[in-house]
Amino acid sequence: MIYFSAVGMVNALGNNLPQIAQNLALGQAPGMRRQTRWLTGGKPSWFGAVEGELPPIPAALSRHNSRNNRLLLAALAQIAPQVDDAITRFGAERVAVIMGTSTAGIHEGELALKHHQGGEWPVGYHYHQQELGDPGQFLSALLGTQGPAYTLSTACSSSARAIISGKRLIEAGLVDAAIVGGADSLCQMPINGFDSLESLAATRCTPFSAGRSGINIGEGAALLLLTQQPAAVALLGVGESSDAWHMSAPHPQGLGAERAITMALQQAGLQPQDIGYINLHGTATRLNDSVEAQVVNRLFGSSTPCSSTKHLTGHTLGAAGAIEAALSWLVLTTPLALPAQDFSLAARDETLADINLLAAPQPLGKRAILSNSFAFGGNNACLLLGDAP
């Protein structure tokens, strides 16, 4: 059995677990705000930003200096004692570092390119900053680990797949511990890309509402230490699929998503009725919410409590799977109530398949949580967390 030995994260809800838990309970996110700096022409939209100072990158690792990696440092600081203990206990060669990202240091590349219009690259810029493989390489170099170290980039399922990869490395006997998770930072390329797809909301996003018009992009990081040392919360099961139906749209019946959920349930040895809460992918796009509601209704009916938390974090792209797994872990390890879906800005879409979208916070009942991550290209990943057997 694989356990979560430590969890750290930062996002629009807060810069540490107590802040995040408090604001999740209140249903408010200090970092969710209207900005005009990211879209071409100063077009306004809402974004989920991490507020406050982030730790600096050590001078010896300056080629890795990006906001993305500083977000990882902020999450790592919260679990540093447990990570150091794992490296000491198991040895550097027996610890893996598996990250997920969609952006890496693309923002630094954007700034450098703008500066280069004057004829020179900025001092301190290194192309390595924006390589998608950089987060895993950076953390491994920082910590001095010698086990497998790499980064996955499968759009919005990236860090969920990083967690799955860490689990498999441990089960295969290749390592004894895996530092898994991911980070994404706000930058113009994906933001304007989503806007060109007409998937970006101009207002606060409203998942599963009749008036939903698209996503709010957010930034953040989550790191989770996986080991076989017994802990309060276990990774009970995982599921993956790739339906490859369309470059950006989900399969109209959600067949790949259904396969991934079913796989996670089967691996955990659980039935749909055993699940106490589903953290929905819930992007607030017309297609995603409609298809996900269909799938949840087919498998779980209309009784299992569920909601999306993306109106509180923004869609953190490659970091979303790890952040939402960390939020699920937080619900399991604290008296925190299940987060409600906010329908104060727009009424619930009654044309969607009937699922138990929470209109108000309620306590977790059955102690197993399913977290869904459904990405472009039909790249689906599901994580099932729960009390250790």
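The values are calculated or read from the model by the stated rules, or taken from the named source; none is laboratory data. Treat the numbers as computed from the prediction; the structure is a model and nothing was measured. A quick note on method: Cβ atoms are made from the backbone with ideal geometry, for glycine too, and the neighbour counts reach across all protein chains shown. Accessible surface is based on the protein model in full, side chains and every heavy atom, while ligands, DNA and RNA are left aside. Shrake-Rupley method; radii C 1.70, N 1.55, O 1.52, S 1.80 Å.
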Name the one entry in A183, A160 that is modelled with pLDDT of 95 or more and part of a helix (DSSP H, G or I). A160
Assuming T151 fulfils every condition listed in (1) touching a residue at least 60 places away in the same chain (Cβ under 8 Å); (2) within 16 Å of the chain's Cα centre (by Cα) apart from one, which condition is it? (1)
Sort through I179, I191, I215, I163 and tell me the only one that's within 23 Å of W38 (Cβ to Cβ), touching a helix residue (DSSP H, G or I) at 6+ places or on another chain (Cβ under 8 Å) and open to solvent by less than 30 Å² (accessible area, probe 1.4 Å). I215
If you scan the stretch 290-322, which residues turn out to be among the charged types (D, E, K, R) and either surrounded by fewer than 24 Cβ atoms within 10 Å (Cβ to Cβ) or on the phi > 0 side of the Ramachandran plot (or both)? R298
Please find, among L223, L197, L235, the residue that is crowded, with 24+ Cβ neighbours inside 10 Å, farther than 20 Å from D85 by Cα and not acidic (D, E). L235
Working only within the stretch 75-97, note down all residues that are in a helix (DSSP H, G or I) and open to solvent by less than 50 Å² (accessible area, probe 1.4 Å). A75, L76, A80, V83, A86, I87, F90, A92
Just checking, which of A346, A359 is open to solvent by 30 Å² or more (accessible area, probe 1.4 Å), assigned to a loop (DSSP other than H, G, I, E, B) and in contact with a strand residue (DSSP E or B) (Cβ under 9 Å, 6 or more places away or on another chain)? A359
One residue is enough: does the stretch 253-264 have a residue meeting the conditions of a type in the set (G, A, S), out of contact with any Pro (no Cβ under 7 Å at 6 or more places or on another chain), touching a residue at least 24 places away in the same chain (Cβ under 8 Å) and open to solvent by 30 Å² or more (accessible area, probe 1.4 Å)? no
